[in-house]
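Colleague: Before I ask anything, here is the structure I am working with.
Here, each number is a calculation from the coordinates, and none is a lab measurement. Quick caveat: nothing in here was measured; it's all calculated off a predicted structure. We place every Cβ from the backbone using ideal geometry, glycine too, and count neighbours over all the protein chains shown.
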Amino acid sequence: MITTFINKLFKIDENYHLTSWLFLKGLALIYFIAFASLSVQIVGLVGSDGILPVQEFLHKVSQHYGGPQWWKVPTLFWFNDSDFFLQVVCYLGCFFSVLLFFGLQSRLSLIILFLSYLSLFHAGQTFLSFQWDTLLLESGFLAIFLYKRPTVLIIFLFHLLLFRLRFLSGLSKLLSGDPAWSGLTTLNYYFETQPLPHIGSWYMQQLPEWFMVIATALVLVMELIVPLFIFLPRKFKIFAAVSTIILQLIIIATSNHNFVNLLTILLCLFLLDDKFIQSLIPKFKQDKIKQSISPSGVFSRIITSIMSILLLSIILTQAYWYVFDKTLHSPFNEIARTGHHWGIGNVFHIFPTMQTERFEMMIEGSYDGKTWYPYQFKFKPNAVDQAPRFNVPHQPRLDWMIWFVPPQFSGMMPWFDAFMNRLKNNSPDVTKLLAYNPFADKEAPKFLRVPVYRYQFTNFEERKKTGNWWKAEFLGYFPNVPLRRP
């Protein structure tokens, strides 16, 4: 009986030949986007003259862990932590993404892509600590085992990944106790207070309050009920996929969330079998794809079995931690921590709490403390008459991180203080991350200050009258401003 069950797990799932092929094509594109996005930022973020130099980070890790630091923080930058190599890894990621897209050395490409992004994930420190980064890592990790062998087990693990992403995001909203979610008022604030709104956000903010209440309730249904359909018969899977894809497209039309919505859409492919998508692929190509599928050998089964057992142990342990706020006994804790270090088995909790007001930080420099010149960011709100910009699928990491600072959480201040110090030194690598540096090709400023404003979207009438997208209220100079909670 056990043998029969194991054989069934490693049986090629005939319903996912074309789906798996299409998923790998899409994954290649998203990998390319992620690496290309980092290539223009990574030196300014963590280079030798960047905000949080990777050399200093690795030195601290080495002092803390000693011998096994490469296991605790697996990254290629243990071998070379130069600015040049940071860029090389980004460009290598782009190169192997192209190879994967065209089906050249696909297994090797998948392994190199995973290791390269894992390396940048650790080197990037707080700038790559987002859930879409771990979602890409786990998707890429599973894809290594998917290539040429879409077994029942691997397809199940992809289903489980999508379920965890969607259901835990909904569950986290309930567990947080945030009154905005329990009172169904979240979308009254979300479009205005999200990290990087774009012009679609402004238009959504104009909708009536009753619509926002209904939409908030639908979001909770989509995250708490619809994910359960993933494990039900085919028609339920298709409903879950189509409804989730529609929601992700709406989010893209109203929010800037880089590549995460595209990756979520891509994961929905595993709810749409070959029969559903076959019209998208020419018949001659379908035959070629199916011929390339090969059954699992003994070695492949052993490796996949070990990976699956470890992954499920990590998932269950981390979910237990999150839901019950308790830890299990070793070795489960150690396995779960190791899984996190390697970017797998993560707990997803997207927007468990909602900001109810927007504090916008501006940065100004001066030579004499009297005349002040403002810096400008590329994507976060600047002047009130400047339209919010669309940046999907790129993620401007500095602009995004600035959003987290006004609550004055202690974890945000080290990188922000380091950023301000780089501006005092007029670091060219860091100022390249900005849209405008008033001290370019000049002496560095002697003084810096951070005025903080409460930003709110204008309405149709105000916009027509003033031409402004925002209205601003001066609150003071950071950190001497009211705390923004949550």
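Colleague: Give, as a single signed number, the net charge of other residues whose beta carbon lies under 14 Å from the beta carbon of Asn391, with Lys and Arg counted +1 and Asp and Glu -1.
Modeller: Numbers: positive: Lys378, Lys380, Arg389, Arg397; negative: Asp399.
After counting each charged neighbour, the total is +3.
Colleague: Given the C-alpha centroids of the stretch 253-270 and the stretch 144-209, what is the distance between them in whole angstrom?
Modeller: One Cα centre to the other: 10 Å.
Colleague: Oh, and also: By the scheme Lys and Arg +1, Asp and Glu -1, what is the net charge of all other residues having a beta-carbon under 12 Å from that of Thr185?
Modeller: Values: positive: none; negative: Asp178, Glu209.
Once positives and negatives cancel, what remains is -2.
Colleague: DSSP loop chymotrypsin sites (Phe, Trp or Tyr not before Pro) in the stretch 93-189 with at most 16 other Cβ atoms within 10 Å of their Cβ, which ones? Mind dumping the intermediate values first?
Modeller: Numbers: sites: Phe95, Phe96, Phe101, Phe102, Phe114, Tyr117, Phe121, Phe127, Phe130, Trp132, Phe141, Phe145, Tyr147, Phe156, Phe158, Phe163, Phe167, Trp181, Tyr189; in loops: Phe102, Phe130, Tyr147, Tyr189.
Those that pass, being in a loop and sparsely packed, are Phe102.
Colleague: So, one more: Which of the peptides 290-300, 71-81, 341-351 is most tightly packed, and how do the rest follow, judged by the mean count of other Cβ atoms within 10 Å per residue? Before the final figure, lay out each step's value.
Modeller: Values: 290-300: 12.6, 71-81: 16.7, 341-351: 20.2.
Answer by packing, highest mean first, reads 341-351, 71-81, 290-300.
Colleague: Okay, moving on. Between 0 and 90 degrees, rounded to the nearest ten: what's the tilt of helix 83-101 against the longest Cα principal axis of the chain?
Modeller: Long axis of 83-101 versus the principal axis of the chain: about 40 degrees.
Colleague: Using alpha-carbon pairs under 8 Å, 6+ residues apart, how would you state the relative contact order of the stretch 358-477 in percent? Could you put the intermediate results ahead of the total?
Modeller: On the way: 174 pairs, mean separation 43.3, N = 120.
36 percent.
Colleague: So what's the angle, to the nearest 10 degrees on a 0 to 90 scale, between helix 332-341 and the longest Cα principal axis of the chain?
Modeller: Roughly 60 degrees, rounded to the nearest 10.
Colleague: Sticking with this one: Considering the dipole of the stretch 358-477 built from charges on the beta carbon (Lys and Arg +1, Asp and Glu -1) around the Cα centre, which of Phe377, Tyr455, Met362 is farthest to its positive end?
Modeller: Farthest towards the positive end: Tyr455.
Colleague: Moving on. May I have the extent of the alpha carbons of the stretch 358-477 along their three principal axes, as whole Å values ordered from largest to smallest?
Modeller: 44, 33, 27
Colleague: I've got another one for you. To test your reading of the geometry: what angle, between 0 and 90 degrees and rounded to tens, separates the Cα axis of helix 131-146 from the longest principal axis of the chain?
Modeller: Helix 131-146 sits roughly 20 degrees off the main axis of the chain.
Colleague: Would you tally the net charge around Phe156, using a Cβ to Cβ cut-off of less than 13 Å, leaving Phe156 out, and scoring K and R as +1, D and E as -1?
Modeller: On the way: positive: Lys8, Lys11, Arg164, Lys237; negative: Asp13.
Here the count lands on +3.
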